[in-house]
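The values are calculated or read from the model by the stated rules, or taken from the named source; none is laboratory data. For clarity, every value in this text was computed on a predicted model and none was experimentally measured. All Cβ positions, glycine included, derive from the backbone under ideal geometry; neighbour counts span all protein chains shown. SASA here: full protein model, heavy atoms, side chains in, ligands and nucleic acids out. Shrake-Rupley method; radii C 1.70, N 1.55, O 1.52, S 1.80 Å.
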Amino acid sequence: MSELNNIALKIIGKGKGILAADESTGTMTKRLSSVNVESTAENRLLFRETLFSSNSMESCIGGVILYDETIKQTSPSGKKIPELISKSNSVPGIKVDTGAKTLANSPEEKITEGLDGLRERLKEYYKLGARFTKWRGVYTISKKYPSELSIYSNAHALARYASLVQESGMVPIVEPELLMEGNHNSEDCLKKTSEVIKKCYEQLELHKVELKGTILKPNMILPGTDSDEKVDSLKVAEMTIECLKNSVPSEVAGIAFLSGGQTDKEATKNLNQINVKNKTNFILTYSYGRALQQGALKFWSKDIKNIQGTQKIFNHRAKMCSLASKGEWSEEVDKI
Ligand code: 13P
């Protein structure tokens, strides 16, 4: 088990976080279409390879979460993608859930699928070089949601997933994401996120998952996107820390937040404030998808051959997130 703890600590070591590049082909197609780039396997690889061969990989990115298509791809220069990532001393990871589907008997909610055949798929991913994995449970916040059914069934699936992943010698990222969409306020988000996370750990413990060989990937505590409430980063930090203190067992190796639709600057600023205020022993870092990639993607889309220019944007954002993970970021250093 200390081996799993070592992997976890390598991924989220000081000044490091995770690049979540595990968008499914459907999601990646949406992202590429939004910047008018055709979503072919070659273009998806080209953009991702551009990021994975950036300088900041070595200093700021401890792990990269890949999608099934990418972990099996080889770059035009002949390098297998997991090898390209390991070459920067970063750990290759893989999303193993197969997506969120309608929850029977609560059709406005989702249950994440992917347990069938998981043990066999994990063996294959391990052989391909993966040493950690991700599974995302998704919850909506409203007066009646998330329901007890959604909280229980997603926690149960996350625990079954995490135990299989540890059995296969990899570190599971446990990701319960309460979505930002809705008119809920930050208090609602705090209350419901705490409830969801507590239930996850109840199930993880029942399934005998070794917590020091896991990483939690939660949302920050924020008001819904349709709420009138305005919160500054200090309030986000205080509420987020309160939530984690009251719901996450101390054995957990570390916590890496998702960005969840915040702008890259907001996600950086909030993470920084969280670390400035952090008095817990938890490592608090990033596992960002959009907040690490959106600037680079926009730039790249204008000239997909401009690798260096794209890497410059990515390197800057990764560096800013790295500083934020140490509470050392400021508006001044973020000026490009
Ligand atoms: P975002 O940071 O864009 O929310 O993506 C992180 C992620 O992996 C969601 O599952």
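Do we have any residue at all in region 223-241 that's within 27 Å of residue 54 (Cβ to Cβ), at pLDDT 95 or above and among the hydrophobic types (A, V, I, L, M, F, W, C)? No: region 223-241 contains no residue that is within 27 Å of residue 54 (Cβ to Cβ), at pLDDT 95 or above and among the hydrophobic types (A, V, I, L, M, F, W, C).
Being more than 19 Å from residue 100 (Cα to Cα), of a type outside the set (Asp, Glu) and open to solvent by 20 Å² or more (accessible area, probe 1.4 Å) holds for only one residue in 186, 168, and it is 168. Scanning region 259-284 for residues that are open to solvent by 10 Å² or more (accessible area, probe 1.4 Å) and near the ligand (Cβ under 9 Å from one of its atoms), we see that the one that is modelled with the highest pLDDT is 260.
The numbered conditions (1) in a helix (DSSP H, G or I); (2) touching a Ser or Thr at 6+ places or on another chain (Cβ under 6 Å) are all true for residue 10 except (2). Filtered by the rule that a residue be surrounded by 14 or more Cβ atoms within 10 Å (Cβ to Cβ) and either assigned to a helix (DSSP H, G or I) or touching a strand residue (DSSP E or B) at 6+ places or on another chain (Cβ under 9 Å) (or both), region 28-50 gives 28, 29, 31, 32, 43, 44, 45, 46, 47, 48, 49, 50. One residue stands out among those in region 229-258 that are among the hydroxyl-bearing types (Ser, Thr, Tyr) and closer than 26 Å to residue 5 by Cβ: the one that is most open to solvent (accessible area, probe 1.4 Å), which is 250. Being crowded, with 17+ Cβ neighbours inside 10 Å, touching a residue at least 40 places away in the same chain (Cβ under 8 Å), of a type in the set (D, E, K, R) and within 16 Å of residue 137 (Cα to Cα) is a description that applies to residue 192. Looking only at region 65-110, which residues are open to solvent by 30 Å² or more (accessible area, probe 1.4 Å) and among the hydrophobic types (A, V, I, L, M, F, W, C)? Those that are open to solvent by 30 Å² or more (accessible area, probe 1.4 Å) and among the hydrophobic types (A, V, I, L, M, F, W, C): 100, 104.
Restricting 7, 18, 11, 71 to residues that are at pLDDT 95 or above and in contact with a Leu (Cβ under 8 Å, 6 or more places away or on another chain) narrows the list to 71. Going residue by residue through region 261-276, is there one that turns out to be under 20 Å from the mean Cα position of the chain (by Cα), in contact (Cβ under 8 Å) with a residue 40 or more places away in the chain and over 27 Å from residue 185 (Cα atoms)? Within region 261-276 (the criterion being under 20 Å from the mean Cα position of the chain (by Cα), in contact (Cβ under 8 Å) with a residue 40 or more places away in the chain and over 27 Å from residue 185 (Cα atoms)), the answer is no, since none of the residues qualifies.
Somewhere in region 14-35, is a residue closer than 30 Å to residue 327 by Cα and β-branched (Val, Ile, Thr)? Yes, the conditions are met somewhere in region 14-35. Look through region 285-302, keep the residues that are of a type in the set (Phe, Trp, Tyr) and away from the ligand (no atom under 12 Å from the Cβ), and return whichever of them is surrounded by the fewest Cβ atoms within 10 Å (Cβ to Cβ). Among residues in region 285-302 that are of a type in the set (Phe, Trp, Tyr) and away from the ligand (no atom under 12 Å from the Cβ), the one surrounded by the fewest Cβ atoms within 10 Å (Cβ to Cβ) is 299. Within the option set 190, 179, being closer than 22 Å to residue 224 by Cβ and within 14 Å of the ligand (Cβ to nearest atom) holds for one residue only, 179. For region 17-24, indicate whether the set of residues that are in contact (Cβ under 8 Å) with a residue 24 or more places away in the chain and surrounded by fewer than 14 Cβ atoms within 10 Å (Cβ to Cβ) is non-empty. Scanning region 17-24, I find no residue that is in contact (Cβ under 8 Å) with a residue 24 or more places away in the chain and surrounded by fewer than 14 Cβ atoms within 10 Å (Cβ to Cβ), so the answer is no.
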